[in-house]
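Here is the structure we will look at.
Values in this text are rule-based calculations from the coordinates and carry no lab data. Because the structure is predicted, anything quoted here is derived from the model rather than measured. Positions of Cβ are generated from backbone atoms using ideal geometry, with glycine treated the same way; all protein chains shown enter the neighbour counts.
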Amino acid sequence: METKVFKINPDNIDGTAIVQLRECADIIKRGGLVCMPTETVYGLGANAYDPVAVSNIFKAKGRPSDNPLIVHICNYDMLELIVKDSFLQEGKMTALGDRFWPGPLTMIAPKTSIIPAVVSGGLDTVGVRYPCHPIASALIKLAGVPIAAPSANLSGKPSPTCFEHVKDDMMGRVDAIIDGGDCRVGVESTVLDITGSVPNILRPGAVTLADVKSVIEGSVEADWHLAHGIDASKVPKSPGLKYKHYAPDAPLYIFTATDCQIMVQGICEKIIEEKNKKLSVGVLATDENRDYYKDADMVQSVGSGTNSMEHAAALFTCLRRFDEAGVDVIIAEMLPQTGVGDAVMNRLYRAAAGRVIKLD
Ligand code: TXA
Ligand code: MG
């Protein structure tokens, strides 16, 4: 398949950009696939009302068909078409939407029949997101339909946060890719299930538990802890959580210690241990510590130690660089879990698939 590339500056949607976006919107309307930037990660989009187009998303990604897609909207009129009216009347969804939309929050709500089963993986709910990226919102507006879009990576790869990642994974598999530069947030949206009496965060993102609690009276659960294997007896509510995600090719170990010096020391010893086995080692570090790991073959920094927003923006690029370099082992520092840091560590835990070394 020939893939058209459109380069658009999100900070200056001028006449030329509108012409390009119209062409992309036409592709969506005709049932094609368009990769678009959002503020979190790039998405692989199709007309959410078109079951054939949506089934092609699963083919392009190599994604299991029981894993539901997020539907992206650009106004509340679209919301009313896809979410059950009786549910909207309860007011919870619009209260949260008024506070966090447009933005990196996905809410799970009962769907109307206009959303085909292939979008929701056969569930009677739909994940809805109202992105705040100018290119994503313009594309949805011009297409005139909600856009179903998972992250635009091949299944099992880290989500793409820049055009190069999308190109590497999707060139030849989709009709068009919009190059809108780097994604500001860098980790996927918070997924919040609001169908039950207690709202439940299924996937952490830039909208944090504290943020959600500031709007919701009463308790809020955070089921994503299950993905860390803390309670293996429970079945994750989000179908996506049962799949191994965000996994780099090499095994990834997380080193943690309450004392930073002990963590650094442990990582240095692990580097030597792996080098003695003739394996090449990559280290995921912070700016403050990166110089300690001179024995490693490759060191990638996620930025300054205390800045979780920098970590989120850098994480997936670092993981992809380790893959490109073909290191045999990756060792990661534990990062602070404040704000979006919770989401960063969630992705890192999943990439580690249980390889967590606790030193004290
Ligand atoms: O930031 C994002 O959310 C990006 C951008 C493109 O919007 N999209 C994204 O989509 O990360 P995806 O498909 O990679 O992840 C969607 C997650 C999956 O874990 C899926 O299982 C869950 O949301 N999900 C979607 N619909 C659901 C539903 N009805 N019930 C429970 N979980 C759902
Ligand atoms: Mg994904």
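Peptide packing: for 12-18, 298-304, the average count of neighbouring Cβ atoms within 10 Å per residue gives the ranking 298-304, 12-18, highest mean first. Could you compute the longest span of the chain free of trypsin sites (Lys or Arg not before Pro) located in DSSP loops and having at most 14 other Cβ atoms within 10 Å, not counting the site residues? Between the exposed loop sites, the longest stretch runs 31-233.
P(r) tail, the chain: Cα-Cα pairs separated by more than 33 Å, 29% of all pairs. Ranked by how many other Cβ atoms sit within 10 Å of their own Cβ, fewest first, the residues Phe322, Phe100 fall in the order Phe100, Phe322.
Could you give the longest part of the chain that holds none of the GluC sites (Glu not before Pro) found in DSSP loops with at most 12 neighbouring Cβ atoms within 10 Å?
Between exposed loop sites, the widest span is 218-360.
How far is helix 341-352 tilted off the main Cα axis of the chain, in degrees rounded to 10, range 0 to 90? Taking the Cα atoms of the chain, the angle to 341-352 is about 70 degrees.
May I ask which of Lys7/Lys157; Lys61/Lys92; Lys111/Lys141; Lys7/Lys294; Lys61/Lys278; Lys141/Lys167 have a Cα-Cα span longer than 27 Å here? Where the Cα-Cα span goes over 27 Å, the pairs concerned are Lys61/Lys92; Lys7/Lys294; Lys61/Lys278. Dipole of the chain computed with +1 at Lys/Arg Cβ and -1 at Asp/Glu Cβ about the Cα centre; of Ile216, Ile73, Leu348, farthest Cα towards the positive end is Ile73.
Across every direction, the projection of the convex hull enclosing the Cα atoms of segment 252-358 has a mean area of 5.8 nm². With contacts defined as alpha carbon pairs under 8 Å and 6 or more residues apart, what's the relative contact order of the chain in percent? Relative contact order for the chain comes out at 19 percent. In terms of surrounding Cβ atoms within a 10 Å radius of their Cβ, Ser55, Ser159, Ser113 rank from fewest to most as Ser113, Ser55, Ser159.
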